[in-house]
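The structure under discussion appears below in the form of structure tokens.
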Amino acid sequence: MAENLPPDTDPPAASEAHWFGFRPVDPEGKAPLVRQVFDNVAPSYDLMNDLMSAGVHRLWKSTLVDLVAPRPGMVLLDVAGGTGDVALRFLERAPSAFVHVVDINEQMIRVGRDRAIDRGVLENVDWAVGDAERLPVANRSVDAYTIAFGLRNVTRIDAAIAEAHRVLRPGGRFFVLEFSRVVVPLLAGIYERYSFSVLPRLGQLVAGDRQSYQYLVESIRRFPDQEALAGRIRAAGFGQVRYRNLTGGIAAIHSGWRL
Ligand code: SAM
């Protein structure tokens, strides 16, 4: 059990590339490990999200889409779009808008595309395998950029934020929905115990995969807190950067304007 406990100190800012959860790795070796996690979890990903969060992730994503403010003709780029949760919610609100979904993992994209087909969503969306750090997307070509529970998994967070800035048109908006730091002391203790003892067991029970869910909780702990992430978004050149805590800071939505 001891190896599952969080370390006493947080890593220095911008060192995420050297960590796969609590395990030190060479930066070049991180992406294949992350890819393996999502290869493993893809088939049970949506079910596990509902079980782990008791459905609350749906409310968080719904809040994200509210803030994106879908409108006819809008072009959204949803990076690390996985099984298409954000993309499909966005198109429900604005059926004549367009979403490009990019994800590094083909298995996740495949599940997302099948879900979209099952719902009759064939047009107004495309799916591409690609890396958040090197997007297959033209400069200044999208109205909004979202990344939900994805930024934590990229090797170089600052490179991914810089790519978001490159592809957004001036006046476009950047959004990150990600796990963050709990700001309610009583909740913090409960959440910490739940994360480190319940989630990996649930992963084992439902998905037959404890390790991937151990990585999930460790990567949450390694991710920059609200203020640190806001600073890094500002450093990439975004204006009016702000964040909103969700469920006491278990998650947060950061946003910024491409000036
Ligand atoms: N956005 C979806 C959601 O909220 O349900 C999926 C989130 S899932 C926790 C994280 C996703 O990030 C996975 O689909 C994974 O393949 C993707 N990912 C990890 N590293 C990535 C990278 N460097 N570039 C693009 N996608 C990446």
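Selection of the range 95-137 for residues being out of contact with any Gly (no Cβ under 9 Å at 6 or more places or on another chain) and among the basic types (Lys, Arg) yields ARG110, ARG119, ARG134.
Summed over the range 114-168, the residues that are among the basic types (Lys, Arg), touching a strand residue (DSSP E or B) at 6+ places or on another chain (Cβ under 6 Å) and surrounded by fewer than 20 Cβ atoms within 10 Å (Cβ to Cβ) give a count of 1. Selection within the range 37-56: residues that are of a type outside the set (A, V, I, L, M, F, W, C) and free of Cβ contacts under 8 Å to residues at least 60 places away in the same chain. The member of this set that is surrounded by the fewest Cβ atoms within 10 Å (Cβ to Cβ) is GLY55.
Here is a yes/no grid of residues against (1) out of contact with any Asp or Glu (no Cβ under 8 Å at 6 or more places or on another chain); (2) more than 30 Å from MET52 (Cβ to Cβ); (3) part of a loop (DSSP other than H, G, I, E, B):
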position: ILE109; (1), (2), (3): no, no, no
position: ILE117; (1), (2), (3): yes, no, no
position: GLY120; (1), (2), (3): yes, no, yes
position: THR146; (1), (2), (3): no, no, no
position: ALA162; (1), (2), (3): yes, yes, no
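Taken over the range 169-191, residues that are touching a residue at least 40 places away in the same chain (Cβ under 8 Å) and either out of contact with any helix residue (DSSP H, G or I) (no Cβ under 9 Å at 6 or more places or on another chain) or buried (at least 17 other Cβ atoms within 10 Å of the Cβ) (or both) amount to 15. On the basis of being within 13 Å of the ligand (Cβ to nearest atom), surrounded by fewer than 22 Cβ atoms within 10 Å (Cβ to Cβ), free of Cβ contacts under 8 Å to residues at least 60 places away in the same chain and over 21 Å from ASN40 (Cα atoms), does PRO95 make the cut? Spelling it out, it is not the case that PRO95 is within 13 Å of the ligand (Cβ to nearest atom), surrounded by fewer than 22 Cβ atoms within 10 Å (Cβ to Cβ), free of Cβ contacts under 8 Å to residues at least 60 places away in the same chain and over 21 Å from ASN40 (Cα atoms). Within the range 63-86, the residues that satisfy the criterion of being away from the ligand (no atom under 12 Å from the Cβ) and more than 19 Å from GLU123 (Cβ to Cβ) are THR63, ASP66, LEU67, VAL68, ALA69.
So if I check each of ALA144, ALA132, which one is within 9 Å of the ligand (Cβ to nearest atom) and among the small types (Gly, Ala, Ser)? Step through it out loud before you land on a result.
Details: ALA144 fails: within 9 Å of the ligand (Cβ to nearest atom).
The match here is ALA132.
Read the figures in this text as sums done on the coordinates, not as results from a lab. Keep in mind the model is a prediction, meaning the values are calculated, not measured. Don't worry about glycine lacking a Cβ; one is built from the backbone with ideal geometry, like all the others, and counts go over all protein chains shown.
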